[in-house]
């Protein structure tokens, strides 16, 4: 089985301009477990500039004011940050428990009536990938398999549903495919504006990409399959502006013989 996914910019931005500068059609193949599992079909290079304007309208000066700006990360094999420039350079680079990076600025000394402009410039490449799921066998790592907020994989209804859907499925890929098809066939799309989680997705309120993703993760984890939540922004060639309206959530599932697969 071969599946192909479009490229996404996996980024969180404030006010951003984004230009695609190069598309490379060279096919690059990666081997997992001795088999070619992931193929790079296309590689696109982007120049991205992010601006943040801050003004202290007074009347006083803040006694404590720190801001954290999420940075675009390297995410193998999807994207690689080749260059990163941040001005002004009065920041600290921070990394959270999930590996996300932030630029932290201390604006405590910002007097009333002053302003600051923060500019972040990137050069990065984004890959369009194809996955060969023919060799879907092997051990699963003991990671990303526990319940958490909005991922209620220990919920009795979710456990029962995962067992029903996977009862006659032998391979991990077949189980995940059964979960995916169930969600696509039974959930009714409705934009909710906020995250409600996997359990709520089984109700009648409707679901958007966050609930679709949460339920697929919860069903996978309930079956002992590692799965994790991803969110990013989709770049459209017809526009140079990336806004929050283009954001999308999806899932990575760990498939044996392949690795993390969207």
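The values are calculated or read from the model by the stated rules, or taken from the named source; none is laboratory data. Just so it is clear, the model here is predicted, and its values are computed rather than measured. So basically every Cβ, Gly included, is an ideal-geometry build from the backbone, and we count neighbours across all protein chains shown.
See the values below:
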item	result
Some residue of region 199-210 being under 18 Å from residue 262 (Cα atoms) and assigned to a helix (DSSP H, G or I)	yes
Hey, residue 159 surrounded by fewer than 19 Cβ atoms within 10 Å (Cβ to Cβ) and either part of a helix (DSSP H, G or I) or modelled with pLDDT under 85 (or both) or not	yes
Selection from region 119-134 of residues that are outside any strand (DSSP E or B) and buried (at least 19 other Cβ atoms within 10 Å of the Cβ)	133
Where residue 102 falls short, out of the listed (1) part of a helix (DSSP H, G or I); (2) under 30 Å from residue 62 (Cβ atoms)	(1)
Whichever residue in region 179-197 is surrounded by 13 or more Cβ atoms within 10 Å (Cβ to Cβ) and modelled with pLDDT under 95 and, among such residues, is farthest from residue 156 (Cα to Cα)	192
Matching residues in region 65-113 - criterion: being out of contact with any strand residue (DSSP E or B) (no Cβ under 9 Å at 6 or more places or on another chain) and touching a residue at least 40 places away in the same chain (Cβ under 8 Å)	109, 111, 112
